[in-house]
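Colleague: Mind having a look at this structure? Questions to follow.
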Amino acid sequence: MFSRLVPLLFAALLTLSACGDGGPDEGTQAAGIAVADAWVKATDADMSAAFMVLSNSAEKDATVVGVTTDLTDSAELHETKDDMMRPVDSFTIPSMDSLMLEPGGDHVMLMDLADPIEPGQEITFTLEFDDGSTFDVTATAKDFAGGDEDYEGGKGHEDHEDLEDHEGH
């Protein structure tokens, strides 16, 4: 009898595990989000950045208010405007549209990195929305020399003048 129950229990377990996709709850800002081309600049410095395209298929704007990662306790939303990089309180992803996080523009800043980020390394971020929902993103580290950004002594980095000798992301 027991040998007949095992396959049935296994089938029931597989059915139950397939019921939820593990994604954000429907009706939250995170539920309408999709991510493409997520990557992080590989570096041996203590500062880097993450880039991606965030798309919003919902009928309301979605507002990212924070980001966390296991890489550092110091991850921030940043913009580059008038050749100055600075933290911002949020990013808005317009309804039925996309927001590009890119070198020289909006991005996720990673500071106080304890370990190098190696090319090919997979890095997970959690985006936090103003309704309390979250969305996990996996990005791959890659070599990148562009962006024309330099962090030496905080140059071009308005609210972080105390930073010392950092490479650009």
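Colleague: Does segment 34-46 contain at least one residue that is at pLDDT below 95, surrounded by 12 or more Cβ atoms within 10 Å (Cβ to Cβ) and of a type in the set (Gly, Ala, Ser)?
Modeller: Within segment 34-46, one or more residues are at pLDDT below 95, surrounded by 12 or more Cβ atoms within 10 Å (Cβ to Cβ) and of a type in the set (Gly, Ala, Ser).
Colleague: Which of (1) touching a Ser or Thr at 6+ places or on another chain (Cβ under 9 Å); (2) of a type in the set (Val, Ile, Thr); (3) under 25 Å from ASP44 (Cα atoms) does VAL65 not meet, given it meets every other one?
Modeller: (3)
Colleague: Further question: Quick check on my filter: what residues within segment 62-121 are in contact with a Gly (Cβ under 6 Å, 6 or more places away or on another chain) and either hydroxyl-bearing (Ser, Thr, Tyr) or within 13 Å of ALA50 (Cα to Cα) (or both)?
Modeller: Those that are in contact with a Gly (Cβ under 6 Å, 6 or more places away or on another chain) and either hydroxyl-bearing (Ser, Thr, Tyr) or within 13 Å of ALA50 (Cα to Cα) (or both): THR80, PRO103, GLY104.
The values are calculated or read from the model by the stated rules, or taken from the named source; none is laboratory data. Predicted, not measured: the structure shown is a model, and the values here were computed from it. Cβ: placed from backbone, ideal geometry, glycine included. Neighbour counts: every protein chain shown.
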